[in-house]
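The values are calculated or read from the model by the stated rules, or taken from the named source; none is laboratory data. Fair warning: this is a prediction, and the values are worked out from it, not measured in the lab. Please note: Cβ atoms are built from the backbone with ideal geometry, for glycine as well, and neighbour counts cover all protein chains shown. Surface accessibility is based on the protein's heavy atoms, side chains included, excluding ligands, DNA and RNA. Shrake-Rupley method; radii C 1.70, N 1.55, O 1.52, S 1.80 Å.
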Amino acid sequence: MNVRDSERMIAELSQKEEYSLTDEVECADLILINTCSVREKPVHKLFSELGALNIKKKDGAKIGVCGCTASHLGEQIIKRAPYVNFVLGARNVSKITEVLHRDRAVEVDVDYDESQFAFSEFRSSPYKAFINISIGCDKQCTFCIVPKTRGEEISIPADLILLEVKKAVDSGAKEIFLLGQNVNNYGRRFTSNKESINFTELLRRVSSIDGLKRIRFTSPHPFHMDDEFIEEFASNDKICKSIHVPLQSGSTKILRAMKRGYTKEWFLDRIDKIRSTVKDVSISTDVIVAFPGESDDDFEQTLEVVRDASFEQMFSFKYSPRPLTEAANFSGVVDEAVAKERLKRVQEMHDEMLDKKSKAHLNRVYSVYFEELRSDGFVAGRSDNNLLVKVKGSENLLGEIVDVLITKVARLSCEGRVV
Ligand code: SF4
């Protein structure tokens, strides 16, 4: 979401204010930091980064702080770092060219409706396009600050989404990435009287666009993963066979405390349904260990689900209390040493599983979309099921989807040759 928000701000600034990008901080007239607030560490990093940028920047250059930490801290950022020229929340990126001209501007309204806003174009990759299908989140997961920083969930009208997809495909993108906090809750609320369709129908309409080869999306919510959606995911050839299914915990007791809306059994049932209907699917997940009240038994259940679901990728973290969230006031805080140990155990177990699973890729042929030319003579891309694959080659491969025979495997990537 932040990558896409950055692209939107870059597009607005370059087309309306004639800015262009530079990698040299010392040359910049404007320095933007697009922030995350899901965990505590990036918030601390923001202020040390701001101090360093203030020393490096040229005279008269402006600094703007954008994104979720901007939404959450608002004016406090300028109080703590008075050289910051403006603060722009994650729900207000369309106002970038406005706040630019108002010194000490703070725009952090989480109710602001950007769902009808037509942004100008900028893409960080010529090969794929990130396209928002909804903004905000209506869930109230007790550990999560996102509903407070991105506001309530509003779906972007399907005709605007289809228009953006067509524009991206016409300009050369073969792959699009549909984005939202809960993509499969799409269609629940629009701000205008638009035709209401669900996510499965949106996928069908997007896939009918000529020239589009691949569709990816993130993140679906396990609660909304109905059979109709899984069957479309399985049968629609344009939809890449990789899916993120965020577990968070394997204990139904902890899932309830997190207000996730599903049980351990429902989660495993959805994984079974996906694995049994989608050949060669790759499933990734998120896991939080040491949520307040997590007992040894709760944690063992998380290990059990991670083992049973056999995820191809896992993003795991120790619980980090966030301001404005319910869980920040929960009792039953897990001892730091125990939390560290649990994180180590789940990661080691998953790494071992991956080492075994990755061997199965050897001598298989995957269809790979090449997007990156590396300095070591390799070209890298992703298979349909999201495997990172590299082959020896030149820029001729960039933007091409070709079959690759896998000749070498590692835990997170493979090497092969074009066949
Ligand atoms: S679904 Fe839960 S975890 Fe995801 S953004 Fe919404 S509140 Fe946060």
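Filtered by the rule that a residue be in contact with a strand residue (DSSP E or B) (Cβ under 9 Å, 6 or more places away or on another chain), hydrophobic (A, V, I, L, M, F, W, C) and within 25 Å of M258 (Cβ to Cβ), the range 105-146 gives V110, I133, I135, C141, F143.
Selection over the range 88-106 of residues that are open to solvent by 30 Å² or more (accessible area, probe 1.4 Å) and touching a Phe, Trp or Tyr at 6+ places or on another chain (Cβ under 8 Å) gives a count of 4.
With the requirement that a residue be in a loop (DSSP other than H, G, I, E, B) and within 15 Å of I63 (Cβ to Cβ), what does the range 88-100 give you? Steps first, please.
Of the range 88-100, the ones in a loop (DSSP other than H, G, I, E, B) are 90-92, 100.
Within the range 88-100, L100 is the sole residue that qualifies.
Here Q347 passes the criteria (1) within 30 Å of I239 (Cα to Cα); (2) of a type outside the set (G, A, S); (3) touching a Cys at 6+ places or on another chain (Cβ under 8 Å) except the one numbered (3).
Exactly one residue among S320, S375, S358, S316 is touching a Cys at 6+ places or on another chain (Cβ under 8 Å) and of a type in the set (S, T, Y), and that residue is S358. Among the residues of this structure, K166 does not count as one that is basic (K, R), open to solvent by 40 Å² or more (accessible area, probe 1.4 Å) and within 16 Å of the ligand (Cβ to nearest atom). Across the range 260-300, the number of residues qualifying as part of a loop (DSSP other than H, G, I, E, B) and either in contact with a Pro (Cβ under 7 Å, 6 or more places away or on another chain) or at pLDDT below 95 (or both) comes to 3.
Within the range 230-255, being closer than 14 Å to T302 by Cα and of a type in the set (K, R) holds for one residue alone: K253.
Please specify each residue of the range 102-147 satisfying the condition of being touching a residue at least 60 places away in the same chain (Cβ under 8 Å) and among the β-branched types (V, I, T). Of everything in the range 102-147, those that are touching a residue at least 60 places away in the same chain (Cβ under 8 Å) and among the β-branched types (V, I, T) turn out to be I131, I133, T142, I145, V146. Residue check, P246 against (1) more than 24 Å from A129 (Cβ to Cβ); (2) within 16 Å of the ligand (Cβ to nearest atom), all met but one. Which one? Among (1) more than 24 Å from A129 (Cβ to Cβ); (2) within 16 Å of the ligand (Cβ to nearest atom), P246 violates only (1). For the range 293-308, taking the residues that are open to solvent by less than 10 Å² (accessible area, probe 1.4 Å) and of a type outside the set (D, E), the one that is farthest from L268 (Cα to Cα) is identified as F299.
Filtered by the rule that a residue be at pLDDT 95 or above, closer than 21 Å to R382 by Cβ and within 16 Å of the ligand (Cβ to nearest atom), the range 219-243 gives P220, I243.
Pairing residues of the range 217-232 that are open to solvent by 70 Å² or more (accessible area, probe 1.4 Å) with residues that are assigned to a helix (DSSP H, G or I), at Cβ distances under 7 Å and at least 6 apart in sequence or on separate chains, gives E228/T200; E231/T277. From F311, F315, F370, grab the single residue that is surrounded by fewer than 16 Cβ atoms within 10 Å (Cβ to Cβ) and of a type in the set (F, W, Y). One residue alone meets the criteria, F315.
The single condition among (1) in contact with a helix residue (DSSP H, G or I) (Cβ under 6 Å, 6 or more places away or on another chain); (2) within 16 Å of the ligand (Cβ to nearest atom) that K139 does not meet is (1).
In the range 107-136, of all residues being within 16 Å of the ligand (Cβ to nearest atom) and part of a strand (DSSP E or B), the one that is surrounded by the fewest Cβ atoms within 10 Å (Cβ to Cβ) corresponds to N132. Assess whether E336 counts as being at pLDDT 95 or above, open to solvent by 30 Å² or more (accessible area, probe 1.4 Å) and under 27 Å from the mean Cα position of the chain (by Cα). Considered against the rule, which asks whether it is at pLDDT 95 or above, open to solvent by 30 Å² or more (accessible area, probe 1.4 Å) and under 27 Å from the mean Cα position of the chain (by Cα), E336 comes out as no.
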